[in-house]
Structures are given as structure tokens and as C-alpha cells.
Amino acid sequence: MSKITATILSICLLLAGGSAMAQQGSMSEPVDRAKILTAPGVFGAFSTYKIRYEYYKLSSAERKGAADEVMAVVDKHKDKVIVDAYLTRGFEAKSDYFLRVHAYDAAAAQAFLLDFRATRFGMNSGVTESLVGITKALNYITKDKSPDLNKDLTGTTYSGDAPRFAFMIPVKKGAEWWNLTDEQRLKEMETHTLPTLAYLGNVKRKLYHSTGLDDTDFITYFETNDLGAFNNLVLSLAKIPENKYNVRWGNPVVMGTIHSIAEVVNTLSVGQ
Amino acid sequence: MSKITATILSICLLLAGGSAMAQQGSMSEPVDRAKILTAPGVFGAFSTYKIRYEYYKLSSAERKGAADEVMAVVDKHKDKVIVDAYLTRGFEAKSDYFLRVHAYDAAAAQAFLLDFRATRFGMNSGVTESLVGITKALNYITKDKSPDLNKDLTGTTYSGDAPRFAFMIPVKKGAEWWNLTDEQRLKEMETHTLPTLAYLGNVKRKLYHSTGLDDTDFITYFETNDLGAFNNLVLSLAKIPENKYNVRWGNPVVMGTIHSIAEVVNTLSVGQ
Amino acid sequence: MSKITATILSICLLLAGGSAMAQQGSMSEPVDRAKILTAPGVFGAFSTYKIRYEYYKLSSAERKGAADEVMAVVDKHKDKVIVDAYLTRGFEAKSDYFLRVHAYDAAAAQAFLLDFRATRFGMNSGVTESLVGITKALNYITKDKSPDLNKDLTGTTYSGDAPRFAFMIPVKKGAEWWNLTDEQRLKEMETHTLPTLAYLGNVKRKLYHSTGLDDTDFITYFETNDLGAFNNLVLSLAKIPENKYNVRWGNPVVMGTIHSIAEVVNTLSVGQ
Amino acid sequence: MSKITATILSICLLLAGGSAMAQQGSMSEPVDRAKILTAPGVFGAFSTYKIRYEYYKLSSAERKGAADEVMAVVDKHKDKVIVDAYLTRGFEAKSDYFLRVHAYDAAAAQAFLLDFRATRFGMNSGVTESLVGITKALNYITKDKSPDLNKDLTGTTYSGDAPRFAFMIPVKKGAEWWNLTDEQRLKEMETHTLPTLAYLGNVKRKLYHSTGLDDTDFITYFETNDLGAFNNLVLSLAKIPENKYNVRWGNPVVMGTIHSIAEVVNTLSVGQ
Amino acid sequence: MSKITATILSICLLLAGGSAMAQQGSMSEPVDRAKILTAPGVFGAFSTYKIRYEYYKLSSAERKGAADEVMAVVDKHKDKVIVDAYLTRGFEAKSDYFLRVHAYDAAAAQAFLLDFRATRFGMNSGVTESLVGITKALNYITKDKSPDLNKDLTGTTYSGDAPRFAFMIPVKKGAEWWNLTDEQRLKEMETHTLPTLAYLGNVKRKLYHSTGLDDTDFITYFETNDLGAFNNLVLSLAKIPENKYNVRWGNPVVMGTIHSIAEVVNTLSVGQ
């Protein structure tokens, strides 16, 4: 594998450009998970995969080594990217699992995914959906613009059981939405925020901005352990005027269970 | 198969989380079918499958064992999920059969479907559609809100021949529907319910809620032995104002005949 | 083949339910073609197929036997279903042929198609579209509701050359159509019927109702030997207000030449 | 190949029906190209193809013989059909080439395409789009209805370099268009014709009518050597009110270079 | 390879028509990159590709030679076309890379792409999207029509870091847009141009016209090193009235990193 590694390494250096120094082996620091998950300006890549039929024609010995190979790639890139993994088989027709990759530099996220796809497991995974976005500071419900709601929004934290389920839902607004004035959109977003406050305790949420980067304006991401509460949360968002401006909401809605990447690889490597 | 079984078992334990104790072998009680089919808060997973061409390249001996292998998986999960099976070949282009899985915990439904897909039959089945939802208590036509209709609705039961046909039809409402007031929606649902009363005797019906969980708001499920009556029932629902709020009704409509899962596997395992 | 036959037979018995007695071999009567093609309450299944590339990898000897095998299946089910076959290769991208199956019982149609798919030819055919419907008595232009048009409609019969071409065109109406009153729809259908009278002599027509059974409201089926006349007939239907209520008209329009099923199988079995 | 030829011949006879006499070998006259390209009532079949990956696994010797085999089929049908060929690889994602087939009888066009698909090259071609139509006499801008425009339209002929590029663009009108009166549509077509006069010298054009025959109302076909002029011609048609009635214009737009069929086969047979 | 080369050469001569003289070997001049990228009347072909699974079944030795083979084709056509390459794997589901080809003659671009597809790498690449257009002189914001904006537009040049990211975004306008008067469209384009001025320094832009040539009116192409700025640029274009006239904007948005073609081939040739 050393020749492949060398080739990949040179690609990474090439892609990573000016920050290539940071690539140098185990001396570098792993990405700070808590920080990258809250910082603005972070690149997020969501990709769904379906295992190829051919994978199960490999010997079970070959499949057994798959997780180690993937973990080595994750480890190699741990100073540049963090990776979350989700099992969708049983819930989705178009995928068996999905990955969420965060990086301060989009090219670093790509470098990881190139290496991942070059593993035996990645090579036997067909990509079925890919959405990218970036994080930004709060746009509307800020301390300045909407102080009361901001206080409510930031004052409650998740208090449910460890979430076992995650949802990835793209949202695209039509031209009518974007042609509203800033004030009008603020007003709609206040109406949007109000009914969601009740669910801060049992549904976690994260937002990515994708206009121009992909065929969606937003990627909304949720974690929960309470599917009924989540259903009610989304219903509350269906019932407000903002919904009339949505030209895409879902399509796909991707539901998965939250796992370590090793669990995902191992689970999907079983089969006769 | 013992290593695979062990691996799968550990996955199940992992997925099932806190309720892992219930997983322990034949001592546990099978799910009460009548109860789970009427309870609110139940997770329902519908998935349609198409047999891969490669399946028929297996020797007929290998295919003959397929049903037993599937039944062992059904049996293993019988204390967590119930499974219904339907043959769609001949009626549908995109599937040969579909499964309906009920579980109190979505992760348990996924655990079953992961094991099912790891069997020889499951591995040779391509998933072509997957819809998930949860059951809820009646929303509109309740004793309180609409007493007369509630009485009619709950007062008549199915009295036809054992239904041989089932239909799975997703329904999605537009933003205009969800932005109606509760009173307006109640009124529309009363108008919806009235013409359907005539068919309570020959068409069974069950409803799943999917907003946020999938790209539909509802999954409607029907069983009947009278296709003409069923056609008239759906026509009666086409002719009311509520229909104007539907942005998805079908797409797909999935029609199948009702069978035991062993019958489905055996029937689709025949071929030269 | 005897084991397969036995398995299939048992499935048929199972599917056919109460009418299993009729299944018993050559003593039973073949379906009366003229009668089933005019009776209401008949189930019609249209399915389009594309030959798999792999079929032409079989030896030509194997392919030569394909038609006999298919004809045996047709013969086996001849007391329950009638089958019409059409060659679409050259006209359609998504199919090479299509079948039209009529049966008094939908499960009998399915039983035939299951057996057909288990033949070598059926196994090498991918289903690309499948639409089902039922026949009904005339709805609008009846003796009572519209006596003059009814007289015209039933007074002229096809008088052209034996039709060589057939068309299958699904039609779906929007909610606005179904929310018209019966009187309004009758008026629209009278406007619909008038311009079509001129084509009764050279275009045959048959209608199937599919609301609830499939993702269409109607399947319209035509036979003609005069493509110019057929084009003008459909243009005349494009030019009336009813057309504004169509949300699906075609998609696909399927055009084929009319053949015996043996001709279809033999023609598509040629190849190097 | 003689057995295959015999089989195909019998199919042709069967399909060609009453005109089977004309099929008899080399004594019959080839179709008059100039005449069939200007006559009304002619059947036109457009089909786009993508070469299968498997084709390039054949030995180069086998691929070398492909053109001769195709030319033999063209020759065999030359008294019934004419065939034009276009190379789309490099311009289109969904096809590598397309064929345009003209015949006085649709069944003769199908007979040719069946034989073409049975050649090694045809068998390794996947059909990706197929549109059929018939030619008609001018409908609107006739000597009677619009004498001045008719004079302009018929008074200028193509005077550019031999066209190297061809375009196939389907057009479908909505119900609003067809529900205009004849006079209104004539007026729109006059507005349509005026800006196109300037391009008669460098863009050739031909029209096929498809209502009822396929999922389009028209197939528009163009030849040019001046892509800038062609772009401007289509822009001029975008800028008139008629455009508001189009529900399909393109989808696909198919662009190809004009070649002999032998050139197309030979070019696409190259590969390692 | 000499026979293949000869065949391809003859095709090129054939396609290139009158300018065949220029094809003669290394004596001819390479295309002037700066000039062709700014000239009007230039043909641009964008095509996205996905590597076939089969490619990774080739020995790594065979894959190692892939880049040289591709570079030889690029070199052969260097007097007729220029080629840019982009890596999309990790960002896109439907492609692994895309190419942008410029030529003064569309047939020369096709000739290159035919040769490219005949290489081992090209043959193992499935084309997933293909869009073509031509460049034109500025249409609206000219010195004459909009002198102030023209001055601003042409007065600022890109001053950021070397761009690492490229975007290809098709745009199609509805009939309402094209039916505006020239003055109205000029006004909208002025409103369009104003908010984009702020991004001239960090986002490069190029426009291709496709009406009639493909299923889009424009192909917009961007290069940047600042994804946040690019997101804001596109948001600013979402917020103006012109957006209401867009019937296609993206679908797909294609995001890639900018590389030499050899880097793209080498990177995607890695895998076990």
C-alpha cells in the first residue's frame, strides 16, 4: 500500500495548498471537534452511499479488513477533518449510509473523501447524493435584531437521551423569498423560530449555507432520540407562512442512526 | 453462519440500546400483533424490492433455502418487530415485492431490515422505495371534535372476504394546507370522511405520519378484496376540495397481493 | 421443468383463492375473448419490457426455444386470462415490447405474469412500466344522460384495414376536474366526444379506470392502421377545454405494432 | 447469418403487410431521397444511442466488421427507408450517435430498426431516446392563409456551406395553445415566422408532427454550419409570445455532426 | 496504437473540414490560451464524468499509463483546442471530474473528445452531463448602453489568491424573460450587475450562450479561492427581480477543484 499512500499524500499536499505543513504526520494536532462544530466559515460535506452488489462477492476475510483500512484514512486526516457516520439501510432506498465531513478548508474535505473512496470499502460504495455547504454566524435571530428570541434560542440546551437518530434535509427557497426585504425575512424567521423553541430540549439542530455551492440554499441537520417530537417540530414549520416560499424541502429527507464509522463499515460488511 | 449471526447480534444489541435485555433469545415474548397494529407511537417502515437478475444465476438448490433463512431472521426479531409481505410483480414495474415492518422502536425495525438484507434473498433484492412513518392517535375526527362522524367511523368494521390486495399510497400536502387553521382543516377532514364511510365494510385502512421523517406527510395503507369498491373510494376522495391541497398522492401507488413472507420468497425464487 | 411447474401451480391455486377449481387443466374453458373485451369489471394489466443485454449471450438454440416456453404459459392460463402482445422496438426507448393482460380476477393476471417472468424470455425481460386498471360501464355518454351522442357513439364501427398499430396512453386529471359537478363533467365529456365521432371508423378505442389502483386515472388504448387519422384524433382532443384539466397525458405514450406473442418473442430473440 | 436473415425477412414480410411484394430483393427501386424528404404523410423515427461498455471488450477485429454488417442492413431496406446518421459523442451525455429514419410506412421503419438492432453494433447500442412523427403539408403559413409570408418562406433557400451540424429539438404546446382559435394560432405562427426569415439562408429546417404518437407535439430538425446564427435563430423564437405556450422545448436538445452511417459506426468502434 | 491513431486522424480530417491543413502535426501553433479565453465566437464544451467501477479492476500498471495516454491526445489536438480539468469527487454525486474544452470550431472540440474517450481512461469514464455553448461579445452592459457600469465592470480585476475552486452553473430563463423588451432586460441586467461588482476582486467569471444548442440558455463559470465570498455573490443574485425569471439555475451546480488534466487522471487512477 505504500505506493498508493505516497501518491495520495502528494495529492493532499497539492490540494491543501498553503497549509501543507500541517499535513506532516502524527505531530500535528487533531481537529478540535467542539470548536469546528460551532465555528462559522466551516465547510461541511454530506454524502450518501450505497454498497455495490460486488462488495459481497469479496471473501469475508477481505471485507473484515475494510474497517481498519477506513480508520487509517480517518486517522491520517484527523488534523484536518472530522467525520461522522450514519447507517441509513432500512430507512432509505437510495443509500446504506451517509457521511458528514467538516473541515476548515474544502480542499481538505475533498482530500479525505478521495482517500476514503480509494479504500476497498469506499471503492465498493456508490455515491448517491452529495451536498456541500458552509457554516455562518446567525443571520436573523441575533442579539441585535431579535433579542428576546435570541435569548430563548440560546438559553435552552438539549436535555434528552443521547440521540440515536439523525436527519439531513436540504431546503431551497424560491425567488420570491430572496426578493423580500431583510425586514420581511427577519419577520418570517421570527415566526419560524417561535414554534421551534419547544423542541430545543429534544432535537438538536445545525445549519449549513449552500447557495451557489450546490442545488440547495440550506442543509438542515438534526439529531434526536424522539421521532414523535421531531415529527411535531417539522409539522410546526410546515404550518407557518415561510413554508410557502420553499421550493425544495427534503428530496431527499435522509434518516439514519448515529454510529461510529467503524460500526457502519462493519455492519454493512456482513452478508453471505 | 455462526460468525455472521454473532456479528449481527452485536449490532442489534448496539442499535437497540437500552432495551437490549429483551433481545435475549426465545424466552422473550413475540410482539402482540393486534396491539401493535392499533397502538399510537409505532414506527412503520415500508420498503419495496426488486429481485436482482443475478439471483436466478444461483443454483435452484441455493434459492430453495432462501425462505428458511429469511424466516430465521423473522423469528429472531419476533419479540421486537412484526413483518408483513406483499407480492407486487405483475402489478408494478419498480418492484417485485414489498415489506411492511412495525416496531415500537425505529432502531429495532432497522436491525431487522439489516439482518434481512444480509440473507441471500435480501442481498439479491435491490431496494427501490423506502418510506417510514409513525402512528398517532386520531387527529381530527375525534369524539370531542366531530362526535357524529367519529361514531360512524368507529361503528362499522370490515365485513368483506379476506382481503387479497393491499395498496400503499403516500400523500403529501402543500404549504397552503398546513397554513389553514385547525378549524379549517377539521372541516376539510369532515368532508373527507363523509364519502369514505360507505367503504368501511369492504376496504380496511391504516395511516402513518411521516412529516420530517420522509419525503411525504402520510403513508396511507389499504387492504381490500374488491378493487372496484377501492377505485370508487379513491375517486370519492378525488372529488373533494382537500384534493386541491395534495402535492403528492401516490407516486408511487404500490399494489400487491397479501402473502406470508415465505410465500413471497418462494414464489420469487422460481425461475430457470 | 416439472418441479417448477408444481411450485407455480401451487402458487396459482393460492392466489386464485375461491375459484381454484377452474384451474384444473385442459377440461376448463378458455376465456371468451369477445366477451372479456367488452365486459365491465375486468382487470387489465399493461406492462412494457426491455430485453436484457444478457439474453443475446445465450446460445441461439436456447433463444429458439423461448417462444414455446412462453406459449406453454399462455396455454396454461388460457381459462383465466387473455394476453395481447406488441412490438415497440424501433418506436420506444424504454421498451422492446409490451403485453396487455385481461382477467376477471386481478390475482389471475398476476399469476400469469409471475409464470411468464419465470420463463427464460421473461427472466431476460426487464419491466420498465406497469399500469393496471379496471373496465367499467359507460359513465357519461349513456343512453339516459346523452342519448344523441350515445347513439352516434355506438352506431359506427371500425371499418378500416386490420389495425397494425396500437397505442397505450395514460391520462390523469387534476383536482380541479374531479371537483367539477357531475353535470359539468358530463358537459365536458360531450364536448370531448363530439370531435372523436369522425374517427370511429378508423381508430378503435378502449378505456380502463385506474384511480387508486395506479398513478393514473385512466389508461386509454387505441388500435389503428392510419397514423395520420390517429394524430388528428388526438389533436382534436387537445383542442377542447377538457385538456386543461389533464395533469398527465402520455408520459409515456407507448406505440407498438400488433403481433402474436410468439412473433414478439421470436423477433426479439434474433441477434448475434 | 443466413438463418437470421431468413427469420428477419419473414418478420419484415409480416410487418410490411400488403406491400410485401416490394420487399423482393435487388430488383426494387431505392427510395427517392429528395422526394421522401419533402413529401407529406412520411413517417420519421429519431433514435439516440449510447454504445455499451461491453462493445469495447470485443476484439478490434470484431468491431472492424461492424460497419459492413450495418451497411448490409441499410442496403437490404433501401427500397423502403432512408437512414441519416449523426455523431453526438462530445456534445451529449446521454448518447453517442443518433439515427433519423424516414419511411412511407411506419412498420417499414420499425423493420429496419429491428434488423439494425440485431447487428453486432446495434446490439451493443443502448437506445436512450426515441421520438416518432409524421410529416404534413404546411398548416398555417400557406399561400391562402398568409400569402406574403408564404412567398418569403418559400422564396429563399439555404446558401451556406454544407452543413456539418444537426439539431433535433422536440416541442410540446400546452392546453392553452391548442384551445386558441385557428385564427389566433395563425397570428402567432405569423409572428413566429417573421424573425426566422433572416435565417433561411444558413439554417435548414424540417418539421414532424407527433401529437398522440409520442410525448411531444412536434419534432423540429435543423441543419447548419453556423452555430452563432442558429443560436440567434432560436433566441428570436424565444422572444415571441408563442414561447409562453411551450411546455417542452428541447429536453433533450440533441446536437450532432452529420456523417455517413459507416463513418459513425467506424468512429465509435475505435477504442482500446 | 498506430492503427487507431490513423483511424482517428482520418476522422479528424473529416470533421475539421476546410481547416484540415492545420491538423498536420507539430509544425502548427498551439492555440493561444489568453486569446481563446477572451474571444467571442468560441465554442465551449463542458462535460462531467464518473469513473466506471471496472477501471479499478485493471492492474495498477495499466492505470499508471493512463495519464500519458491522455496527455498524448491533448498534445495531438493542442493546435485546435485547449482543455481544463477539475476534480469533483467528494463534492458531487454524479461525477468524479469535469472537463472544459474550448475550440474555435465545435467539430474540433468533438474530435478531441472522441479521441479522449478512446483512451483507456476515457473509455472507463461514463459521461454524466454535457453542456455546450458559445462565447459572445457583451450584450447589455456595454460602453454604449450602460457606460458607468461597463467602466466598473471592466475596471476591476481579480486580485485574490490563485483560485483553487471552480463552479459550472447552467441558467435558463423562462418565456417571460425573453418576451421583455430589450430595454427592460437591460434594466434588469444593470440591477444584476451592480451587486456583483463587489466580488470582481475575488471571483472570476465567464459566460457561454447555449440557447438552441442545449437545454439551457447560459453556462456560467466561476473560479474562486473564497467560498464564503462566492456564496454571498450568488445570494446577491438571488435577491434581485431577475431571479424570478430563472426556470433553471444550477441542476446541476458542479463544484470542482482546479488541476492539471494529468493530476486529475492520476488522482482518480488510485484504488485497490
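Any residue at all in the range C:158-171 that is acidic (Asp, Glu), farther than 19 Å from C:Trp249 by Cβ and touching a helix residue (DSSP H, G or I) at 6+ places or on another chain (Cβ under 9 Å)? Yes: one or more hits.
If we keep just the residues of the range D:118-160 that are charged (D, E, K, R) and under 29 Å from D:Tyr97 (Cα atoms), which is surrounded by the fewest Cβ atoms within 10 Å (Cβ to Cβ)? Outline the logic, then answer.
First, the residues of the range D:118-160 that are charged (D, E, K, R): D:120, D:129, D:136, D:143-145, D:148, D:151-152.
Next, only the ones that are under 29 Å from D:Tyr97 (Cα atoms) stay: D:120, D:129, D:136.
Details: D:Arg120: 20, D:Glu129: 21, D:Lys136: 15.
The residue in question is D:Lys136.
Count of the range E:191-209 residues, restricted to those that are in contact with a Ser or Thr (Cβ under 6 Å, 6 or more places away or on another chain) and either under 14 Å from E:Asn243 (Cα atoms) or among the β-branched types (Val, Ile, Thr) (or both), is 2.
Determine, yes or no, whether B:Lys136 is within 11 Å of chain A (Cβ to nearest Cβ), in contact (Cβ under 8 Å) with a residue 40 or more places away in the chain and under 24 Å from A:Gly126 (Cα atoms). Before you say what the answer is, go through the steps one by one.
Details: within 11 Å of chain A (Cβ to nearest Cβ): yes; in contact (Cβ under 8 Å) with a residue 40 or more places away in the chain: yes; under 24 Å from A:Gly126 (Cα atoms): no.
So B:Lys136 fails the test.
Could you please give the count of residues in the range E:176-191 that are within 8 Å of another protein chain (Cβ to nearest Cβ) and either surrounded by 20 or more Cβ atoms within 10 Å (Cβ to Cβ) or touching a residue at least 40 places away in the same chain (Cβ under 8 Å) (or both)? First the steps, then the outcome.
Within the range E:176-191, the subset within 8 Å of another protein chain (Cβ to nearest Cβ) is E:176, E:178-179.
With the extra rule that they be either surrounded by 20 or more Cβ atoms within 10 Å (Cβ to Cβ) or touching a residue at least 40 places away in the same chain (Cβ under 8 Å) (or both), the set shrinks to E:176.
Qualifying residue count for the region: 1.
Could you list, in sequence order, all residues of the range E:210-232 that are of a type outside the set (S, T, N, Q) and either within 14 Å of chain D (Cβ to nearest Cβ) or touching a Lys or Arg at 6+ places or on another chain (Cβ under 9 Å) (or both)? Give the derivation first.
Residues of the range E:210-232 that are of a type outside the set (S, T, N, Q), as a first pass: E:212-215, E:217-219, E:221-223, E:226-230.
If the condition is that a residue be of a type outside the set (S, T, N, Q) and either within 14 Å of chain D (Cβ to nearest Cβ) or touching a Lys or Arg at 6+ places or on another chain (Cβ under 9 Å) (or both), then E:Gly212, E:Leu213, E:Asp214, E:Asp215, E:Asp217, E:Phe218, E:Ile219, E:Tyr221, E:Phe222, E:Glu223, E:Gly228 are the ones that fit.
Select from the range E:65-78 the residues that are surrounded by fewer than 16 Cβ atoms within 10 Å (Cβ to Cβ) and within 12 Å of another protein chain (Cβ to nearest Cβ) and list them in ascending order. Correct list: E:Gly65 only. Screening B:Val81 with (1) within 11 Å of another protein chain (Cβ to nearest Cβ); (2) under 30 Å from C:Arg117 (Cα atoms) gives one miss only, at (2). Among residues that are within 21 Å of B:Arg205 (Cβ to Cβ), within 17 Å of the chain's Cα centre (by Cα) and crowded, with 24+ Cβ neighbours inside 10 Å, B:Ala45 is included. Consider B:Gly155 carefully, then state whether it is out of contact with any Leu (no Cβ under 7 Å at 6 or more places or on another chain) and either within 24 Å of C:Trp178 (Cα to Cα) or in contact (Cβ under 8 Å) with a residue 12 or more places away in the chain (or both). Answer is no for this residue.
The rows are residues; the columns are (1) more than 10 Å from chain E (Cβ to nearest Cβ); (2) without any contact (Cβ under 8 Å) to a residue 40 or more places away in the chain; (3) closer than 22 Å to E:Pro252 by Cβ; (4) in contact with an Asp or Glu (Cβ under 9 Å, 6 or more places away or on another chain).
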site: A:Asp96; (1), (2), (3), (4): yes, no, no, no
site: A:Asp105; (1), (2), (3), (4): no, no, no, no
site: A:Arg120; (1), (2), (3), (4): no, no, no, yes
site: A:Ser125; (1), (2), (3), (4): yes, no, yes, yes
site: A:Val132; (1), (2), (3), (4): no, no, yes, yes
site: A:Ile141; (1), (2), (3), (4): yes, no, no, yes
site: A:Pro147; (1), (2), (3), (4): yes, yes, no, no
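Each residue in the range E:247-264 was checked for being surrounded by fewer than 19 Cβ atoms within 10 Å (Cβ to Cβ) and touching a Gly at 6+ places or on another chain (Cβ under 8 Å), and 1 pass. Just the residues that are surrounded by fewer than 21 Cβ atoms within 10 Å (Cβ to Cβ), within 24 Å of C:Leu227 (Cβ to Cβ) and over 15 Å from the mean Cα position of the chain (by Cα), please, taken from the range D:79-104. The answer is D:Asp79, and nothing else.
Counting only residues that are more than 29 Å from B:Ala108 (Cα to Cα) and in contact (Cβ under 8 Å) with a residue 24 or more places away in the chain, which one in the range A:161-175 is surrounded by the fewest Cβ atoms within 10 Å (Cβ to Cβ)?
Taking the range A:161-175 first, the residues more than 29 Å from B:Ala108 (Cα to Cα) are A:171-175.
Next, only the ones that are in contact (Cβ under 8 Å) with a residue 24 or more places away in the chain stay: A:171-174.
Values: A:Val171: 20, A:Lys172: 19, A:Lys173: 20, A:Gly174: 17.
Per the criteria, the residue is A:Gly174.
Counted as qualifying within the range C:1-87 are the helices (runs of 4 or more DSSP H) with 1 or more residues that are modelled with pLDDT of 95 or more and closer than 30 Å to D:Asn124 by Cα, namely C:60-64, C:66-76. State the number of residues belonging to the range E:230-246 that are surrounded by fewer than 21 Cβ atoms within 10 Å (Cβ to Cβ), among the hydrophobic types (A, V, I, L, M, F, W, C) and touching a residue at least 60 places away in the same chain (Cβ under 8 Å). Of the residues in the range E:230-246, 0 are surrounded by fewer than 21 Cβ atoms within 10 Å (Cβ to Cβ), among the hydrophobic types (A, V, I, L, M, F, W, C) and touching a residue at least 60 places away in the same chain (Cβ under 8 Å). Select from the range B:262-272 the residues that are touching a strand residue (DSSP E or B) at 6+ places or on another chain (Cβ under 9 Å), outside any loop (DSSP other than H, G, I, E, B) and not charged (D, E, K, R) and write down the one among them that is farthest from C:Ala109 (Cα to Cα). Ranking the candidates gives B:Ala262 first.
Considering every residue within the range C:254-261, establish whether at least one is within 22 Å of the chain's Cα centre (by Cα), facing chain D (nearest Cβ under 7 Å) and either assigned to a helix (DSSP H, G or I) or within 30 Å of D:Gly122 (Cα to Cα) (or both). Yes, there is a match, as at least one residue in the range C:254-261 is within 22 Å of the chain's Cα centre (by Cα), facing chain D (nearest Cβ under 7 Å) and either assigned to a helix (DSSP H, G or I) or within 30 Å of D:Gly122 (Cα to Cα) (or both).
Restricting B:Leu194, B:Leu207 to residues that are in contact (Cβ under 8 Å) with a residue 40 or more places away in the chain, surrounded by fewer than 19 Cβ atoms within 10 Å (Cβ to Cβ), more than 16 Å from B:Gly133 (Cβ to Cβ) and away from every other protein chain (no Cβ under 11 Å) narrows the list to B:Leu194. Number of residues in the range C:138-161 that are over 14 Å from C:Leu200 (Cα atoms) and hydrophobic (A, V, I, L, M, F, W, C) equals 2.
Given the criteria over 21 Å from the mean Cα position of the chain (by Cα), within 18 Å of C:Met189 (Cβ to Cβ) and of a type in the set (A, V, I, L, M, F, W, C), does C:Ile219 qualify?
Working: over 21 Å from the mean Cα position of the chain (by Cα): no; within 18 Å of C:Met189 (Cβ to Cβ): yes; of a type in the set (A, V, I, L, M, F, W, C): yes.
So C:Ile219 does not fit the description; no.
Screening the range D:133-200 for helices (runs of 4 or more DSSP H) wholly inside it with 1 or more residues that are at pLDDT below 95 returns the ranges D:147-155.
Scanning the range E:201-250 for residues that are part of a helix (DSSP H, G or I) and either in contact with a strand residue (DSSP E or B) (Cβ under 7 Å, 6 or more places away or on another chain) or among the hydrophobic types (A, V, I, L, M, F, W, C) (or both) yields E:Leu227, E:Gly228, E:Ala229, E:Phe230, E:Asn231, E:Leu233, E:Val234, E:Leu235, E:Leu237, E:Ala238, E:Tyr245. Annotation note: Cβ proximity below 6 Å between a residue of the range A:55-82 that is farther than 22 Å from A:Ser28 by Cβ and a residue that is not in a helix (DSSP H, G or I) (sequence gap 6+ or interchain) occurs for A:Tyr55/A:Asn124; A:Tyr56/A:Gly271; A:Arg63/A:Ser269; A:Ala66/A:Ser269.
The values are calculated or read from the model by the stated rules, or taken from the named source; none is laboratory data. Only a predicted model underlies this, so the values are computations on that prediction, with no experimental measurement involved. Here Cβ is always computed from backbone atoms with ideal geometry, including for glycine, and neighbour counts include all displayed protein chains.
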